[in-house]
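Okay, structure first, notes after.
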């Protein structure tokens with residue numbers, strides 16, 4: 001995945017960029033970067049953050065960076081922001097999204113034989129560099145940003161910092177958010193609105209799908225209007241959005257309370273305690289507990305001082321080990337208890353199986369699992385939060401193949417909770433992961449919990465519908 005943050009200020013903005021970018025650390029684990037315009041040049045710093053927090057890596061850079069315009073990013077993929085000098089002028093650029101038609105776009109850019117790209121250490125090409133090359137073929141930044149929206153298959157939100165201000169371009173279908181905040185002498189633009197409160201900003205404006213604005217220390221100028229079609233990622237609320245953020249007017253944490261409550265209304269299991277798989281399952285569990293009147297508890301604690309996220313290591317075996325090591329059961333709350341856990345989703349199921357086995361070793365009587373969203377049947381085509389996973393790694397797809405003996409021609413029957421094949425898939429997953437019972441949230445109730453209308457939401461990973 002990835003997150004981005006930018007500031008245009010009448011004073012030095014480095015600390016705001018530093019802390020604002022850091023507030024996106026839950027969205028990426030590989031690279032962090034900052035770029036600042038100091039009045040004469042762009043100063044930039046990029047670091048590997050796979051094993052070290054963003055703040056620790058970038059604190060030594062603060063004395064070297066000065067300026068009133070700045071952008072920063074957290075990335076799960078490539079190093080950025082990039083700094084560029086082209087016929088359009090000097091600029092720095094960072095992107096969030098996923099480009100599915102990279103090869104076709106590279107061939108198009110190569111039609112100008114003077115263009116070349118630098119390969120990364122892994123032999124790949126930096127997608128943000130490709131985006132900048134597309135922009136540079138046009139006669140203005142506006143035209144270039146619109147051309148990117150037109151050509152990219154996937155999604156791409158962009159912050160492009162010139163010597164005068166920052167262009168913010170939201171993805172054509174608004175799959176990820178871009179939100180402007182304001183305080184007395186500064187404007188900021190961010191993926192996560194949770195950055196506002198502690199940095200002194202208040203909500204000013206949320207860009208619509210495909211909208212482009214130019215942000216300067218004096219205000220925001222609309223460069224290109226919003227498009228009609230919004231298709232924002234539903235997983236923002238269910239899983240990877242930060243609890244204290246709000247998108248399209250809907251609070252992430254409030255959605256999770258509502259979603260958990262709706263799961264409880266459709267459930268009749270008898271248990272002693274409701275708990276959330278930390279961290280993103282907790283809000284759903286609180287909603288479930290409040291609605292069902294079953295006590296909420298913490299039968300295990302997440303140890304985060306050294307490993308804040310289970311998927312930080314690049315090796316899958318190491319990720320599984322870390323996931324197991326950081327969850328510490330409380331025997332007095334587990335032994336001889338019937339426990340119900342809400343999790344944000346079940347992807348591969350590997351870590352959740354480890355967690356359930358840990359609870360049984362701690363003498364739990366029963367472990368019931370409730371997923372806050374439907375089964376993930378399709379890999380995401382539009383965002384990079386699941387880019388490292390093959391669709392065949394999804395536990396739902398594994399169950400389908402086990403039941404069918406092969407990959408079926410159509411998966412739609414497995415997306416319908418009223419279909420017998422769906423029920424067989426759920427039973428298969430339950431047995432594979434050793435749960436006492438397993439239920440997934442209904443897609444209609446999940447959409448109702450988000451509350452912005454099904455027509456404005458992307459639900460591709462659950463039903464394959466674009």
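Quick look at the values:
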| quantity | calculated |
| --- | --- |
| Given (1) at pLDDT 95 or above; (2) touching a helix residue (DSSP H, G or I) at 6+ places or on another chain (Cβ under 8 Å); (3) outside any helix (DSSP H, G or I), number of the condition residue 148 does not satisfy | (3) |
| Verdict on residue 431 being touching a strand residue (DSSP E or B) at 6+ places or on another chain (Cβ under 8 Å) and not in a loop (DSSP other than H, G, I, E, B) | no |
| Odd one out for residue 439 among (1) in contact with a strand residue (DSSP E or B) (Cβ under 7 Å, 6 or more places away or on another chain); (2) more than 25 Å from residue 341 (Cβ to Cβ) | (2) |
| Candidate set: the range 378-412, residues that are over 23 Å from residue 28 (Cα atoms) and in a loop (DSSP other than H, G, I, E, B); chosen: the one nearest to the chain's Cα centre (by Cα) | 411 |
| Residue count, the range 217-261 (criterion: assigned to a strand (DSSP E or B), out of contact with any strand residue (DSSP E or B) (no Cβ under 9 Å at 6 or more places or on another chain) and surrounded by 23 or more Cβ atoms within 10 Å (Cβ to Cβ)) | 0 |
| Residue tally, condition part of a loop (DSSP other than H, G, I, E, B) and crowded, with 19+ Cβ neighbours inside 10 Å, over the range 440-466 | 2 |
| Complete set of residues in the range 59-76 that are under 23 Å from residue 304 (Cα atoms) and touching a residue at least 60 places away in the same chain (Cβ under 8 Å) | 73, 74, 75, 76 |
| Looking only at the range 1-50, and only at residues there that are more than 21 Å from the chain's Cα centre (by Cα) and more than 17 Å from residue 159 (Cα to Cα), the one that is surrounded by the fewest Cβ atoms within 10 Å (Cβ to Cβ) | 40 |
| Residue count, the range 322-336 (criterion: in contact with a helix residue (DSSP H, G or I) (Cβ under 9 Å, 6 or more places away or on another chain), assigned to a helix (DSSP H, G or I) and modelled with pLDDT under 95) | 2 |
| Single residue of 154, 89 found to be out of contact with any strand residue (DSSP E or B) (no Cβ under 9 Å at 6 or more places or on another chain) and at positive phi | 89 |
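Matching residues to (1) in contact with a helix residue (DSSP H, G or I) (Cβ under 6 Å, 6 or more places away or on another chain); (2) outside any loop (DSSP other than H, G, I, E, B); (3) in the same structural domain as residue 129 (by TED's automatic domain parsing); (4) in contact (Cβ under 8 Å) with a residue 24 or more places away in the chain:
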residue	(1), (2), (3), (4)
15	no, yes, yes, yes
45	yes, yes, yes, no
57	no, yes, yes, yes
79	no, no, yes, yes
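Here is a yes/no grid of residues against (1) closer than 20 Å to residue 245 by Cα; (2) in contact with a helix residue (DSSP H, G or I) (Cβ under 9 Å, 6 or more places away or on another chain):
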site: 139; (1), (2): no, no
site: 179; (1), (2): yes, yes
site: 197; (1), (2): yes, no
site: 200; (1), (2): yes, yes
site: 207; (1), (2): yes, no
site: 214; (1), (2): no, yes
site: 217; (1), (2): no, no
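The values are calculated or read from the model by the stated rules, or taken from the named source; none is laboratory data. Keep in mind the model is a prediction, meaning the values are calculated, not measured. A quick note on method: Cβ atoms are made from the backbone with ideal geometry, for glycine too, and the neighbour counts reach across all protein chains shown.
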